[in-house]
Amino acid sequence: MGTGGNQYQVEPGAVPALRNAFSDALAKVDKQIELAGHELRVSGWANDPVSAAATTAYNQRSVDAGSALDSLRSFRTQLSTAVDTLDQTTKQYHLTEEDNSVTVGKKDDTGPG
């Protein structure tokens, strides 16, 4: 499995547990993004310049472009990529096992008997 040029060796038997861990993390991040989208943005506390500036600064750091929420969304994308990669790895392992079974079966059929 690899992303961004990194390559990792993963034992075939470990892939389902690894995929489940990443999938669980993805579900938790999705929930936090959903909550953050509704609950993080604040509105001004008073109609004065100080409150307006504080509100703007808070929203910029928490939910606007380049904010903590954007970082969480980026992390979510990375988790999703990891889950997709693990799904593809599982498929590839199964295909390889099937190919090996067919190859071994053919060798057994051609032997003396």
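Just one of Asn6, Asn20 is under 16 Å from the mean Cα position of the chain (by Cα) and exposed (fewer than 10 other Cβ atoms within 10 Å of the Cβ); which is it?
Only one candidate qualifies: Asn6.
Would a scan of region 32-43 turn up a residue that is at pLDDT 90 or above and touching a Ser or Thr at 6+ places or on another chain (Cβ under 6 Å)?
No, the conditions are met nowhere in region 32-43.
For region 28-56, what are the residues that are surrounded by 10 or more Cβ atoms within 10 Å (Cβ to Cβ) and among the polar types (S, T, N, Q)?
Correct list: Gln32, Ser51, Thr55, Thr56.
The values are calculated or read from the model by the stated rules, or taken from the named source; none is laboratory data. Predicted model, so just to flag it, every value in this text is computed and none were measured. Counting neighbours? That spans all protein chains shown, and the Cβs are built from the backbone with ideal geometry, glycine included.
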